[in-house]
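Okay, structure first, notes after.
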Amino acid sequence: MRNGERIPLREIPPLDFSRFKATLKDAVATGNRIAGLWAVPSGSGYTLYSAILHPSRQTIEVVCSMVEKVYPALTPEVPCLHWFERDLWERYGTIPQGHPWLKPIRFYQGEAGKVDFFRVEGEEIHEVAVGPVHAGVIEPGHFRFQCNGERVFHLEISLGYQHRGVERALTGGPNGRSVHYAETLAGDTTIGHATAYALLVEGLSGSKPSFYAEWIRAIALELERLANHIGDIGALSGDIGFLPTQSYCGRIRGDVLNLTALLCGNRFGRNLIRPGGVRYILEKERLDNLRSRLQVIEEDTISAIELFFDTPSVRARLEGTGVVTAHVAKELGLVGLAARATGLSIDARQDIPWGYYRTQRPPVSVHGTGDCYARAYLRWLEIQESFRFLHQITQTIPEEMAVEKKPYPPTVPEPDSGPLSGSHSGLKDHVSTVELTLTPQSLGIGITEGWRGEIVHVAATDENGKFAWYRVFDPSFHNWFGLAYAMRGGEISDFPLCNKSFNLSYCGHDL
Amino acid sequence: MSLILALLLSPLFLGMIVKIKAFFAGRKGQPLLQFYYDLVKLLQKGVVYSSSTTVVFRLSPWIALAAAVTALCILPLPGYSSWISFPGDFFVLFALLAVLRFSLVCAALDTGSSFEGMGASREVLFSFLAEPALLLSFLVLSFGLEGYSLHEILSNPFSIGGGKLVALYFISVSLFIVLLAENSRIPFDDPNTHLELTMIHEVMVLDHSGPDLAGILYTSALKLWILGSLWVGISSPWRGGSFYLDVLVFLGSMIFLAVIIGIIESILARVRLIRVSHALSLATVLAGVALLWIIG
């Protein structure tokens, strides 16, 4: 299936477990990647699903297999699944036999029990516990370091403090709340998650947003990428005590967020994207305004960030810190920015394009050194590509856009105003607040490339066309272990820098 | 006189550095007198003591402050005699700075927190590397100038003689590195960071609060002033006008120093922790080369 399409559940035949395992193993070996592994209780056992991305064909393959509560673990042969299998164990108590390191990932107090931290014993070893309450204004997470002096032997990350039960809340939807849950899955990736949700629902309902709506979504997604990347470079700069870039980037990030506000009235893009379309149009005057402001922002960004990368002490600080090699990144199944910084060309915009990116997309940037420098520099490369892309696509309003002019902010239809007719008249084409009717007994998938990486939303409908289950894989879910790995053998004083260079989401992981 | 200037102006000195950093970052920055406001605010607050701390923790800020004030009694205004002055007094001055550090390290260890222990270990390691540079520098000066008290050394360091003036430059650079490292300035430490894991000095005082914290902040300001005026004393060649002129020259030099520190903090990123020791070794080597120069 393609990104944002549906497939009837019965067309996913359960494979024999050994074939299931071989399929996953082959997928990783042949350069495809596993977007997710999840289970659905069925009868006495579980149906184990997995989504495999085939970048060469730009398709997604969904496979499944029936397993009992105890089944042979996939992790020993497909290491990138280790986090997923721990997740299953935590959720359902399934026991993957032979899993090398079975423990909960979200610190549930329930069935799965408490975390028993890995400990290094010895006279010279000391343990440093950081969090879950931190000194800065950041999300809660607990970090346990096993150190020998300044050197970190091992870092264990314990999350789960942000668990909200969003996936459970989404089950039974879509309803009036669903899209808001999607928008707040990770606050800094509102557009990315909302687009993935919209793709999924559109796929399940068989509707397609107008090209114009896809265009707006692409603009919003690239603005989100810009804002976060610029903010991150500023934050990295602050962590190493380099003031000028820190202050300027902080301000410029705000300017970019204001462009999103220009688009839809909210700086983080809430209420912009709805299944079926977008809620706000971008008429000529505001498009020109956006273009001219973007020009100014680009100039400011270039001067602030070039100063950063031209300063020798900055490069000396970043280079060689927290290295993750391409091989390790592949084994661990890293995605998005963290993977591209190791030289892997992984980008959902290229691999499984959706919406506007099917016709036009920025080239994939990679930088091969895998250290903090690479992660910072990759952000800079992507910032430049996003600016170029935005300039390109905002030159003209797409063809079918002869939209009636609406004052800003456009009047928002009431949520329960009933289904909009399919007529091609002005704004109604692009604005959607309707609840689309979903095809029953189907599986839908929506994948987008948020600024952090690949966002996967996958759900199946029951016989009434409601979500029977809903699963979300934020890029953070794939990448947290990469951070733990990057610290291995490093200095404990490098941790804040490494952490910021990954800048993973806690709530996106915990869900 | 030096004592009064230090007691009154050392927080202002910090304020000037912050102002210059703000200028480079394109911000307005906090008021020049912010550190005074902070001290007043902290003095009015209550103190919170962790149940794992003992009397060591409670006494340490005041021992540190006493050590700093005593050190200031020894520190002369360049060209003038200090309150307490005797041959070899610079040894006592450095020993007092060591007492200051020792009491803070003890307090940090007393809390039993892994952060504070880490900070204490870093602080001790880096001062262990910085002390030789400091001592060696002043030994070279007293050797070259044949004066054995700070008063004599700082009276006119440039009288060291043409051929040997290079040694003075070396020592000036060496002292400047020590000054930045000992006072937890960028590129060695970041006084503004909130990242516990990267801190050196700041992480040691995380558990202090209220008047205790005020004592520690004030002590840090005094320490910066002490090392700063030593650096100004050997690096500035102007002496010998009237007393008031000398005070003005001294204060001008201190402002100049604040500007230099502010600029350095603005244009440099922090070095990684492991490299701090390299830089401090460089300071010691420079002082050693200066010694060779003087003898040779």
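Net charge dipole, chain A: roughly 640 debye, given to the nearest 20, about the Cα centre with Cβ charges of +1 for Lys and Arg and -1 for Asp and Glu. Counting lysine pairs in segment B:2-295 whose alpha carbons fall under 27 angstrom apart, excluding pairs fewer than 8 residues apart on the same chain, gives 10. Put the Cα centre of segment B:109-142 next to the Cα centre of segment A:1-40 and the gap is 59 Å. Be a star and scan segment B:184-227 for residues whose amide nitrogen sits under 19 Å from the point 7 Å along the Cα-to-Cβ vector of B:VAL92. Flagged as within label range: B:223, B:226-227. In loop segments of segment B:3-112 as defined by DSSP, the chymotrypsin sites (Phe, Trp or Tyr not before Pro) with at most 16 further C-beta atoms inside 10 Å of their C-beta are B:TYR49, B:TRP83. Near A:LYS284, which aspartates and glutamates are there with a Cα under 12 Å away, not counting those fewer than 8 places off in the same chain? Qualifying aspartates and glutamates at Cα under 12 Å: A:GLU404.
Using C-alpha pairs under 8 Å with a sequence gap of at least 6, the mean separation divided by the residue count of chain A gives a relative contact order of 20 percent.
Once C-alpha pairs closer than 8 Å and six or more residues apart are averaged by separation and normalised to the residue number of segment B:2-295, the relative contact order reads 31 percent. Going from the fewest other Cβ atoms within 10 Å to the most, the residues A:GLU68, B:GLU123 appear in the order A:GLU68, B:GLU123.
The string of couplings for segment A:218-223 from the Karplus curve (6.51, -1.76, 1.60, θ = phi - 60°) is 5, 4, 5, 5, 6, 5 Hz, one whole number per residue in order, with x for Gly and Pro. For segment A:6-105, relative contact order (Cα pairs under 8 Å, six or more residues apart, normalised by length) works out to 23 percent.
Selection among B:GLY262, B:PHE35, A:GLY355 by position relative to the dipole of the protein assembly as shown gives A:GLY355 as farthest towards the positive end (Cβ unit charges, Cα centre). Karplus-based coupling profile of segment A:91-104, in residue order and whole Hz: 6, 10, x, 5, 10, x, 6, x, 5, x, 8, 8, 7, x, with θ = phi - 60° in 6.51 cos²θ - 1.76 cosθ + 1.60 and x standing for Gly or Pro. Take each residue in B:273-286, count the other chain C-beta atoms within 10 Å of its C-beta, and the mean is 1.
Remark: segment A:364-377, residue by residue, has Karplus-estimated 3J(HN,Hα) of 7, 9, 9, 8, x, 7, x, 9, 4, 4, 4, 5, 6, 5 Hz, where x stands for each Gly or Pro and the curve is 6.51 cos²θ - 1.76 cosθ + 1.60 at θ = phi - 60°. Rounded if a/c is under 1.5, else prolate if a/b beats b/c, else oblate: with a ≥ b ≥ c from the C-alpha gyration tensor eigenvalues square-rooted, which is chain A? Verdict is oblate for chain A. Placing +1 on the Cβ of every Lys and Arg and -1 on the Cβ of every Asp and Glu, with nothing else charged, gives segment A:221-360 a dipole about its Cα centre of roughly 520 debye. Peptide A:310-323 shows a mean partner chain C-beta count of 2 within 10 Å per residue C-beta. Overall, chain B carries a charge dipole of about 620 debye about its Cα centre when +1 sits on the Cβ of Lys and Arg and -1 on the Cβ of Asp and Glu, all other atoms neutral.
Ordered by the count of other Cβ atoms within 10 Å of each Cβ, fewest first, A:ASP26, A:ASP347, A:ASP462 give A:ASP26, A:ASP462, A:ASP347. Averaged over the residues of peptide A:119-130, the number of Cβ atoms from other protein chains lying within 10 Å of each residue's Cβ is 2. Shown for B:HIS208, A:HIS163: other C-beta atoms within 10 Å of each C-beta, ranked fewest to most, produce the order A:HIS163, B:HIS208.
Read-outs throughout are calculated quantities, based only on the coordinates presented, and are distinct from any laboratory measurement. Every value quoted in this text rests on a predicted model; they were computed, and no experiment measured them. Cβ coordinates were reconstructed from backbone atoms using ideal geometry, including for glycine residues, and neighbour counts include every protein chain displayed.
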